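Take a look at the structure set out below.
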Amino acid sequence: MVVAHDAVPPNPFDDGPWDRPAGRGHGGALPPDPFAGDPDDPARALDEPEVADDEPMSAAERAELLGDLSDLAVYQALLEPRGVRGIVVDCGDCQEPHYHDWALLAASLEQLLHDGRMRPHEPAYDPDPASYVSWEYCRGYADGVTASENAR
């Protein structure tokens, strides 16, 4: 059976704005920027050059960071078997809690140790706040375990 060409419905994807030459339809211009003039435009950070900290990490800062990595390994060993997934940090910039899994926080601290800065990362997806504890809680828990072991 042969179907006449005009009996075939047109392709809805033909003649879209991407098929038009510049100057036809949308005039070849981009749509207006929805964030134009917005001081909180998320793309502003892409335009601003990164401020490089020319000063290398001091010996004291490096020692403190190594201590934090060591402490983190102890906290993970003590608390992960009890269902704790990581550490929550209250962010001073956005006033929101940030949830860091053990491995992510360790990787971030190691990157800070080696590169002198931490790259941004994706936040934890739909974290259960009950599964995260503060650094202070970890320290107190570890101190309690140490005191209990020393009392034996």
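Tabulated data
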{"read-out": "Exclusive hit being closer than 13 Å to Ile87 by Cα, more than 16 Å from the chain's Cα centre (by Cα) and touching a residue at least 12 places away in the same chain (Cβ under 8 Å), set Ser131, Ser108", "value": "Ser131"}
{"read-out": "Count - residues of segment 85-100 that are surrounded by 17 or more Cβ atoms within 10 Å (Cβ to Cβ) and acidic (Asp, Glu)", "value": "0"}
{"read-out": "Condition check for Val89: at pLDDT 95 or above, in contact with a strand residue (DSSP E or B) (Cβ under 7 Å, 6 or more places away or on another chain) and not in a helix (DSSP H, G or I)", "value": "no"}
{"read-out": "Members of segment 112-142 found to be surrounded by fewer than 13 Cβ atoms within 10 Å (Cβ to Cβ) and touching a Pro at 6+ places or on another chain (Cβ under 9 Å), listed by number", "value": "Pro129"}
{"read-out": "Filter result (at pLDDT 70 or above, surrounded by 10 or more Cβ atoms within 10 Å (Cβ to Cβ) and in a helix (DSSP H, G or I)) within segment 32-62", "value": "Glu61, Arg62"}
{"read-out": "Within segment 97-152, considering residues that are touching a strand residue (DSSP E or B) at 6+ places or on another chain (Cβ under 6 Å) and part of a strand (DSSP E or B), the one farthest from Gln76 (Cα to Cα)", "value": "Pro97"}
{"read-out": "Failed item, numbered, when Gly25 is tested on (1) on the phi > 0 side of the Ramachandran plot; (2) at pLDDT 75 or above", "value": "(2)"}
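The values are calculated or read from the model by the stated rules, or taken from the named source; none is laboratory data. Just so you know, these numbers come straight off a predicted model, no measurement behind them. So basically every Cβ, Gly included, is an ideal-geometry build from the backbone, and we count neighbours across all protein chains shown.
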